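Chemist: Shown below is the structure under consideration.
The values are calculated or read from the model by the stated rules, or taken from the named source; none is laboratory data. As the structure is a prediction and not an experimental result, all values here were calculated from the model. Cβ sites come from the backbone with ideal geometry, for glycine too, and all protein chains shown count toward neighbours. Note: accessible area is taken over every heavy atom of the protein model, side chains too, but ligands, DNA and RNA are not part of it. Shrake-Rupley method; radii C 1.70, N 1.55, O 1.52, S 1.80 Å.
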Amino acid sequence: MTTAARTTRPAIRFRGRSFMALVLAPEPPITDWLTELDAQIQRSPAFFQGRPVVVDLSALPMRKQDLAALIDDLQQRDIRLIGIEGADPAWLGSEAWGLPPLMTGSRPAGMIEVPDGAQAAAPSTEARPAASLLLDRPVRSGQSVIFPEGDVTVVGSVASGAEIIAGGSIHVYGTLRGRAIAGSTGNGGARIFCHRLEAELLAIDGLYKTADDMEPKLRGRAVQAWLDGDAMVLAALD
């Protein structure tokens with residue numbers, strides 16, 4: 001009798017990662033809504049570029065065939081759809097129709113301002129400074145600030161229920177009570193700084209700590225967070 005050698009393999013590791021999707025909520029009459037969408041795309045042609053989009057059908061009862069036509073209209077406008085909300089639950093399995101999957105369990109993240117394309121400058125050969133976003137007022141509950149191009153600095157506090165998502169580092173010169181997600185584009189060298197730590201969640205490049213995971217002695221103090229390998233490290237600044 002022979003015994004087969006058993007090979008010990010390392011356990012599979014999972015990371016939590018949070019992505020922000022835009023939500024389009026069509027309203028009747030759909031032809032007028034599409035006309036307004038075309039006008040918005042003309043004002044800001046690059047707004048939807050590379051952004052995941054979910055279609056919310058709550059205000060637009062329709063048959064599955066009508067939905068297929070709407071999805072086709074959106075895809076012709078280079079809008080990348082990742083899911084559908086507010087559709088008839090009987091449409092489960094709609095992927096077989098070539099439609100995005102039905103999604104549930106989302107939570108609102110506040111309104112997002114669409115930039116005016118008229119403000120976009122033509123490509124320049126001049127050197128550009130490092131991308132950063134400065135907010136000179138507090139971020140209120142329910143607001144979501146998304147800046148994948150670089151660092152975000154808040155001269156004020158971030159309220160509970162608010163969210164900052166930055167491609168680079170995050171600097172909060174007040175109390176951080178909401179969620180701070182740095183390095184969202186894969187920047188493991190990003191850091192999070194705050195004058196007073198009361199955060200609900202901190203995340204850097206997909207690794208995160210919730211309030212329950214943070215050392216109690218760091219609450220209410222000036223803190224910085226960074227990655228050391230596959231672990232997030234928090235340390236007091238004072």
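Chemist: For the range 1-44, enumerate the residues that are modelled with pLDDT of 70 or more and open to solvent by 100 Å² or more (accessible area, probe 1.4 Å).
Modeler: Within the range 1-44, E27, E36, Q42, R43 qualify.
Chemist: It is to be established whether one or more residues within the range 139-147 are at pLDDT below 95, buried (at least 22 other Cβ atoms within 10 Å of the Cβ) and among the hydrophobic types (A, V, I, L, M, F, W, C).
Modeler: yes
Chemist: So is F47 part of a loop (DSSP other than H, G, I, E, B), open to solvent by less than 90 Å² (accessible area, probe 1.4 Å) and modelled with pLDDT under 75 or not?
Modeler: Considered against the rule, which asks whether it is part of a loop (DSSP other than H, G, I, E, B), open to solvent by less than 90 Å² (accessible area, probe 1.4 Å) and modelled with pLDDT under 75, F47 comes out as yes.
Chemist: Regarding the range 94-113, can at least one residue be identified that is touching a strand residue (DSSP E or B) at 6+ places or on another chain (Cβ under 6 Å), in a strand (DSSP E or B) and modelled with pLDDT of 80 or more?
Modeler: Checked the range 94-113: no residue is touching a strand residue (DSSP E or B) at 6+ places or on another chain (Cβ under 6 Å), in a strand (DSSP E or B) and modelled with pLDDT of 80 or more.
Chemist: Restricting to the range 50-68, name every residue that is surrounded by 13 or more Cβ atoms within 10 Å (Cβ to Cβ) and of a type outside the set (D, E, K, R).
Modeler: Once the filter is applied, which keeps residues that are surrounded by 13 or more Cβ atoms within 10 Å (Cβ to Cβ) and of a type outside the set (D, E, K, R), the range 50-68 yields P52, V53, V54, V55, L57, L60, M62, L67, A68.
Chemist: Just name the residue that is surrounded by the most Cβ atoms within 10 Å (Cβ to Cβ) out of those in the range 175-211 that are of a type in the set (S, T, N, Q) and within 19 Å of S132 (Cα to Cα).
Modeler: If we take residues in the range 175-211 being of a type in the set (S, T, N, Q) and within 19 Å of S132 (Cα to Cα), then S184 is surrounded by the most Cβ atoms within 10 Å (Cβ to Cβ).
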